[in-house]
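The values are calculated or read from the model by the stated rules, or taken from the named source; none is laboratory data. Predicted model only: the values in this text are computed from it and were never measured. We place every Cβ from the backbone using ideal geometry, glycine too, and count neighbours over all the protein chains shown. Areas reflect the complete protein model, heavy atoms only, side chains present, ligands, DNA and RNA absent. Shrake-Rupley method; radii C 1.70, N 1.55, O 1.52, S 1.80 Å.
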Amino acid sequence: MSSQFSKRGAQLAVVILVIFLFLGAGDDVRFNKLGHRMMCACGCGQILLECNHVGCTYSDKMRNELIAALDRADSDDLIMQGFVQNYGPTVIAAPTATGFNRIAWVMPFAALAFGMAFVVMVVRSWKNKPAPALADGITIRRGVELDDYKRKAREETDQ
């Protein structure tokens, strides 16, 4: 009978341990997800959770605000809107895909396409360049005639 109680006690202890371990796991994932979607407001240009420069007055404050918002069970959108209201739109690491911000997503690809088209046009213009205009009576020899002139030039210069 005592072995049955110890077995049940061990099972109960494992269940309680698992509950305590995974109780806050969802908040850690959300904290990391939201913290990597925001920039530090100090001007260092780093992601909020990766801001590591000495003496940063913003990163700890912003992390604490994020934790407090998660503790209040605010939605992700509400948290992001709150940070935008407090720190401005530069706190968002990537521009949203709405309104004027769509240009930030489209312009790199449009500039790349424009640059490639420009390079193709320049190369084609070089390739299709017309022959240079020559004075009357001058012809450019090609093929067998050119080889004959080269042979004659070598013979004359070798003497």
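Please give the FRET efficiency for Val54 paired with Asn86, using the beta carbon to beta carbon distance and R0 = 25 Å, rounded to the nearest 0.05. If you can, show how the numbers build up before the last one.
Numbers: r = 24 Å, r/R0 = 0.95.
Once rounded, the FRET efficiency stands at 0.60.
Which Cα, out of Gln46, Asn64, Pro95, lies furthest along the positive dipole direction of segment 39-159 (beta carbon charges, K/R +1, D/E -1)?
Looking along the dipole axis, the top candidate is Pro95.
For Lys61 and Tyr149 in one chain, what is 0.36 nm times their gap in residues minus the Cα-Cα distance, to one decimal in nm? Don't skip to the answer; put the middle values down first.
Numbers: separation 88, 0.36 × 88 = 31.68 nm, distance 8.44 nm.
Stretched fully, the Lys61-Tyr149 segment lengthens by 23.2 nm.
Assuming R0 = 35 Å, can you tell me the calculated FRET efficiency for the pair Lys33 and Met107, based on Cβ-Cβ distance, to the nearest 0.05? Intermediate values should be presented prior to the final figure.
Values: r = 27 Å, r/R0 = 0.76.
Efficiency, rounded to the nearest 0.05: 0.85.
Over segment 69-110, give the accessible area per residue in Å² for a 1.4 Å probe, as an integer. Display every interim value, and only then the final one.
Numbers: 2960 Å² over 42 residues.
Normalised by residue count, the accessible surface of segment 69-110 is 71 Å².
Mind listing the long-range amide H neighbours of Ile92? Cut-off is under 5 Å, sequence gap 5 or more, other chains count too, H placed in the peptide plane at 1.01 Å from N.
Met39
Under the classification rounded if a/c is under 1.5, otherwise prolate if a/b is larger than b/c and oblate if not, where does segment 37-133 fall, given a ≥ b ≥ c as square roots of the Cα gyration tensor eigenvalues?
Numbers: a/c = 5.60, a/b = 2.89, b/c = 1.94.
Here segment 37-133 falls in the prolate category.
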